[in-house]
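Visitor: The structure is given below, and queries will be raised subsequently.
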Amino acid sequence: MEIRIQSIEHIREAARQFISQMGHSTVFAFYGKMGAGKTTFIKAVCQELGVDDVITSPTFAIVNEYGTPDGPLYHFDFYRIKKLEEVYDMGYEEYFYSGALCFIEWPELIEELLPGDALCISIEELPDGSRLVTTGNRAATETA
């Protein structure tokens, strides 16, 4: 899947396109440089999935839980994780293997803990300021 976001005004449309192509995956690992738009895109996806709460980055909380009409959704930000023991202590398996949607920022810091079927999402800022969202599975990205 490849989605181009021309500007912030088009992000909800891109989120709808992303949702229509999510399939049966539940764990989504979002890769991208600082400022690429990971949190902004995840917020738009959450809104399109029916989250009514205020959606904020879980940078300090590590995980935020939101309710959707289809059940809970978990948004992770592992940027501040210093060691994997912190992730073990938070009981990551209960989230990742719950069947609920899990959106993960900075997955490269916990990559060995990601489920094998996690979908990898790359968000890249292009020279014109637009964003390119591409997806692939972990097996494809590990061999690249």
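Visitor: Could you give the accessible area per residue of the chain, probe 1.4 Å, as a whole number in Å²?
Guide: Details: 7720 Å² over 144 residues.
I get 54 Å² per residue for this part.
Visitor: Hey, another quick one. Connecting C-alpha atoms closer than 10 Å in a GNM of the chain, tell me which of Asp117, Asp89, Asp53 has the biggest fluctuation.
Guide: Checking each option, the largest mean-square fluctuation is seen for Asp89.
Visitor: Sticking with this structure for a sec: I need the chymotrypsin sites (Phe, Trp or Tyr not before Pro) found in region 1-94, filtered to DSSP loop residues with at most 12 other beta carbons within 10 Å of theirs.
Guide: Numbers: sites: Phe18, Phe28, Phe30, Tyr31, Phe41, Phe60, Tyr66, Tyr74, Phe76, Phe78, Tyr79, Tyr88, Tyr92; in loops: Phe60, Phe78, Tyr79.
Of the chymotrypsin sites (Phe, Trp or Tyr not before Pro), the ones in loops of region 1-94 whose Cβ has at most 12 other Cβ atoms within 10 Å are Phe60.
Visitor: As a test, work out the antiparallel percent of DSSP beta bridges whose residues both lie in region 1-107, rounded to the nearest 5. Intermediate values should be presented prior to the final figure.
Guide: Working: 6 of 15 bridges.
The antiparallel proportion sits near 40 percent.
Visitor: Mean residue ellipticity at 222 nm from the helices of the chain, using -39,500 (n - 2.57) per DSSP H segment of n ≥ 4 over the full residue count, to the nearest 500 deg cm²/dmol? Walk me through the numbers on the way to the answer.
Guide: Details: 5 runs with 38 residues, N = 144.
Helix contribution divided over all residues of the chain: -7000 deg cm²/dmol.
Visitor: Run down the lysines and flag those whose C-alpha is under 26 Å from the C-alpha of Lys43, throwing out any fewer than 8 positions away in its chain.
Guide: Correct list for Lys43: Lys33, Lys82.
Visitor: Shifting gears a bit: Once ligands and nucleic acids are excluded and a 1.4 Å probe is used, how much of Met22 is accessible, expressed in Å² to the nearest 10?
Guide: 20
Visitor: What nm distance separates the two modelled labels at Asp128 and Ser20, each placed 7 Å from Cα along Cα→Cβ?
Guide: 2.1
Visitor: Taking amide H positions as placed 1.01 Å from N in the peptide plane, with prolines and chain starts having none, which residues 5 or more places from Val27, or on another chain, fall under 5 Å of its amide H?
Guide: It is Cys102, Leu119, by chain and number.
Visitor: If you keep only loop residues by DSSP, which GluC sites (Glu not before Pro) in region 1-76 have at most 14 other Cβ atoms within 10 Å of their Cβ? Intermediate results must be reported in sequence, preceding the final value.
Guide: On the way: sites: Glu2, Glu9, Glu13, Glu48, Glu65; in loops: none.
Qualifying residues, ordered by number: none.
Visitor: Continuing with the same structure: Relative contact order of the chain, please, whole-number percent, based on alpha carbon pairs below 8 angstrom and at least 6 residues apart.
Guide: On the way: 241 pairs, mean separation 47.8, N = 144.
It comes to 33 percent, rounded to a whole number.
Visitor: Per residue of region 52-65, in order, report the coupling 6.51 cos²θ - 1.76 cosθ + 1.60 (Karplus, θ = phi - 60°) as ³J(HN,Hα) in whole Hz, putting x for Gly and Pro.
Guide: Karplus values, whole Hz, x for Gly and Pro: 9, 5, 6, 9, 10, 6, x, 3, 8, 7, 6, 9, 10, 10.
The values are calculated or read from the model by the stated rules, or taken from the named source; none is laboratory data. Nothing here was measured: the structure is a model prediction, and the numbers come from that model. No Cβ is skipped: glycine too gets one built from the backbone with ideal geometry, and neighbour counts run over all protein chains shown. Only protein heavy atoms, including side chains, enter the accessible area calculation; ligands, DNA and RNA are left aside. Shrake-Rupley method; radii C 1.70, N 1.55, O 1.52, S 1.80 Å.
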